[in-house]
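Enquirer: Below is one structure. I have some questions about it.
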Amino acid sequence: MAPTKTSKVSSASKSSIQKLPASEVGAPSQLAQSSRKGKKAWRKNIDIQPVEQGLESLRSEERVIGSTLQKQTDDQLFVVDTKGDDKVRKSLPRYSKAELTSTKILSQRSAIPAVFSRPTKDSIPSRSKVSRADKERLLRIAKRPRKGPFNAIMDHTEFGAGSALIDVSAAVKHSGSYDPWTAEEVEEMADGLEHTKKPKIKRPELSHPRDVIEVPAVLEPHQGSSYNPPAAAHDELIMEACKVERRRQDEADRLAEVRRKVADARALTTNVTEGLPLGMILDEIPTDDGEAVAQHDAVVPKKPSARKTKQQRAKALRLREEKQALAEKAARKKMLATITMAKSLRSTAEKVGQQQNQARLARQLVLKMKLRKGLAGQWLGKYKVPANEIEVQIGEDLSENLRTLKPEGNLFRDRFRSMQQRALIEPRVPVLPTRRAKLKEFEKHAWKRFE
């Protein structure tokens, strides 16, 4: 009989649950619940139909008037009519039973603008439009297929097809159009108020090295570098090349000597004996004489420093004050003696200043004369401007005709060095790419099995 009782209880509980009608505003109903023992059930299954009705009435007022009646002022809501109007009756809509409900709804003019199916200029906010050039540039960066004439797909990797690497940046397009030294025109206001003006920047009068350099773009080669040179010119060029090579060898020997000294100094620092100065080696004491070893091992007692008495400290202070007073007296006497020599000192200072100015001008003239020959061999910033290499062949390699001539040097390297020496480009050194990932060697399958 137990199952029948449970079935009766379950059927009674189901019959007690009543489904409430749906909300008038169209909101879903969640009130059909038998128990409300938890707080979550209280919050979720609560009757808010009066609140929804009030909000819907406010929305209807906003649709018709444009705002709620509570926000309207008394002048907008009420009008005191003292005269009356006969045309009001004609303007009022006539009551008709045959008029459709849709017609009544459409006759009410809403303050909210209508929604159009197609976007118009007024409905669309100010949206940034992408130009055709920017769109093509973005497609090139994303490597998406682009259509050219006759709907042909263009290859972005092809040279000249508008790849992202070939496209010129905006900085290059607008380069040379801005001059920082031009004075900006200040617009004067018609109101007569005072306005701050930007201070004019004075252009610095500095000479560029390229204005002084008188080196031609292509140097005339030496007579001894010809394929069939005269003997004297060829010997002279060989001697110049020998001097350059000897200078390089001397520099390499000097660097090797410096490295050797540094290595010796590091070796000395490793072999340091406690209690001895750096680089000093202590000779070993012979172990035959036991007395000498005992005398060497004996510890010499330190003499304790005696503390000065009060009279000794006062005497030292008095002597120090007397020395300071004598030094001040001598300095005052020397200063009084130099007062009479003011004119001679002034003339001496002027002569020294003129000599220093002449020496400075002489140094500037020497640098200017040196700069006329170019920047070859000089340090410019971080790097040194390379000098021209002497290209000469020994007598065994010389050819007497153009057919067997062996080319020497590189034209591209010569032009690049010439531009550096004439201060057209800054000196640089070749930077080799560094490989971060290590190369892994794999043995192909065909070579794994061999007999």
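Enquirer: Restricting to segment 127-141, count the residues that are hydroxyl-bearing (Ser, Thr, Tyr) and either modelled with pLDDT of 80 or more or closer than 15 Å to residue 170 by Cα (or both).
Expert: Within segment 127-141, residues that are hydroxyl-bearing (Ser, Thr, Tyr) and either modelled with pLDDT of 80 or more or closer than 15 Å to residue 170 by Cα (or both) number 1.
Enquirer: Can I ask one more? Residues in segment 396-407: is at least one of a type outside the set (D, E, K, R) and over 30 Å from residue 235 (Cβ atoms)? Before the answer, list the steps.
Expert: Kept after step one, since they are of a type outside the set (D, E, K, R), are these residues of segment 396-407: 398-399, 401-402, 404-405, 407.
Now drop any that are not over 30 Å from residue 235 (Cβ atoms), which leaves none.
Among the residues of segment 396-407, not one is of a type outside the set (D, E, K, R) and over 30 Å from residue 235 (Cβ atoms), which makes the answer no.
Enquirer: Quick one: which residue in 305, 347 is more than 30 Å from residue 241 (Cα to Cα), among the hydroxyl-bearing types (Ser, Thr, Tyr) and under 60 Å from the mean Cα position of the chain (by Cα)?
Expert: From the options 305, 347, the qualifying one is 347.
Enquirer: Could we say that residue 359 is surrounded by fewer than 10 Cβ atoms within 10 Å (Cβ to Cβ) and part of a helix (DSSP H, G or I) here?
Expert: It is false that residue 359 is surrounded by fewer than 10 Cβ atoms within 10 Å (Cβ to Cβ) and part of a helix (DSSP H, G or I).
The values are calculated or read from the model by the stated rules, or taken from the named source; none is laboratory data. In this text the structure is predicted, and so the values were computed from the model without any measurement. Cβ atoms come from the backbone with ideal geometry, glycine included; neighbour counts cover every protein chain shown.
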